[in-house]
Amino acid sequence: MSAKVQLFEMTRPEVEEAMANGFDTAVATFGATEQHGLHLPLGTDAMWGEEIGLRVTRALGNALQVPGVRIGRSEHHLAFPGSLTYGEETFNGIVRDICTSMAHHGFKRIVLLPTHGGNFAPLGAAAKLVEPDLPNIEIIAYSELFPFVEALYEVAARFGFSPEHTGAHAGENETSMILALRPELVHMDKAEAGFMGDPIKAAGVLFKHGFKAVSENGVLGNPEGATAEIGEAYLEAITNFFVEFVNSQRS
C-alpha cells in the first residue's frame, strides 16, 4: 500500500486502496493569508498549519490529509496590505463543502483544525452548523484558542521566553516555526518587537477593533531569540496537543 497520506498528491486508486484498508478519517487545517510583521510571509499560518496537519494525519494512523484552507477569518488584519479574509458565510460554506465531500466518499470521521487565531471560534461554530446534515459522520473540530496558546507558552518557558516575548502573532513562536520549515522566507534583519503586553488580554481588543488597535507593526511579541530548533519543539508540541484532543473526542 502507498505511504502517501495527502489527498493532493494521491491518485484515485491510491485513495480507494487507503479507504479499503481502513483509512476512514480526513484531516483538514484552516490557516490564513495575512500580514505577519515585517519579517514573516503572509502564508505563515497556512505553512506551519499544513505541516501540523500532515503530522497529525500520520500520528492518527488511519487518516488522510485534505489540502489546507489558506484563507481564513482575518477581518482584523485588513488594515495591512496583502491580508485576505473570508466572510462568515463563505467560511461556513467552505467548512460545509469539505465535510460533505468527505462524507460523500465514505469517510466516517472528519477532523477540523484551526491554525490561525481568528479561525478557532468560527470553525467550531461552522462545524455545529453542518453536524445536523451529517448525523452519521463524526466531526471533530477544535475551537478553544486560549488553551492552545497556553500549550505554546509551556514550550516557550522551556527555552526561557515569557508569554509576552514569545507572543501570539509573528513573535518568537511563529518565527521559530517558519525558521524550522521555510527559513529562506524569514527576514530576521527586518524583525522587530511589537506589542509586549499580555497577548491573551489583547485578543478581545484586536478581534473587535482590528490589529492596529493593539500593534502598529502587526506583531504580538518579539521575534528575537527565534531558532529552527525551538520551532521544531513548537511543531512537536502542537502536533501532540491536537492528537490528544482528537483521541479524546473519538467515539
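Rounded, prolate or oblate: which one fits region 86-192, using the alpha carbon gyration tensor with axes a ≥ b ≥ c (rounded when a/c is under 1.5, else prolate when a/b beats b/c, else oblate)? It is prolate, given that a/c is not under 1.5 and a/b is the larger ratio. Checking the cross-link filter: which aspartates and glutamates have an alpha carbon closer than 14 Å to that of Lys4, excluding same-chain neighbours under 8 positions apart? Excluding near neighbours in sequence, the set is Glu14, Glu16, Glu17. Projected label points at Asn62 and Ala237, each 7 Å from Cα along the beta carbon direction, are separated by 3.1 nanometres. Per residue, the average separation of C-alpha pairs within less than 8 Å and at least 6 apart gives the chain a relative contact order of 22 percent. Cross-link partners among aspartates and glutamates for Lys190, C-alpha distance below 18 Å, same-chain residues fewer than 8 apart left out? Partners found: Glu34, Glu172, Glu174, Glu216, Glu224. Under a 5 Å amide H cut-off, with hydrogens placed 1.01 Å from N, Ile110 pairs with Ala26, Glu138, Ile139, Ile140 among residues at least 5 apart or on other chains. Considering only alpha-carbon pairs that sit under 8 angstrom and 6 or more positions apart, the relative contact order computed for region 28-79 is 49 percent. Here the convex hull built on the C-alpha positions of region 7-249 has a volume of 117 cubic angstrom per residue. The Cα atoms of region 134-251 define a convex hull whose projected area, averaged across directions, is 8.9 nm².
Hydrophobic, long helices, defined as DSSP H runs whose alpha-carbon span along the helix axis is 18 Å or greater and whose mean Kyte-Doolittle value is at least -1.0, occur in the chain at 44-60, 88-104, 145-158, 228-249.
Rounded to the nearest 20 debye, the dipole magnitude of the chain is 420 debye, with +1 charges on Lys and Arg beta carbons, -1 on Asp and Glu beta carbons, and the Cα centre as origin. Counting only GluC sites (Glu not before Pro) that DSSP places in a loop and that have at most 14 other Cβ atoms within 10 Å, the longest clean stretch of the chain runs over 1-143. Annotation note: trypsin sites (Lys or Arg not before Pro) in region 205-251 located in DSSP loop regions with a Cβ neighbour count of at most 16 within 10 Å are Arg250.
Read the figures in this text as sums done on the coordinates, not as results from a lab. Worth saying up front: this structure is predicted, and the values here are computed from it rather than measured. Glycine gets a Cβ as well: all are built from the backbone with ideal geometry, and neighbour counts include every protein chain shown.
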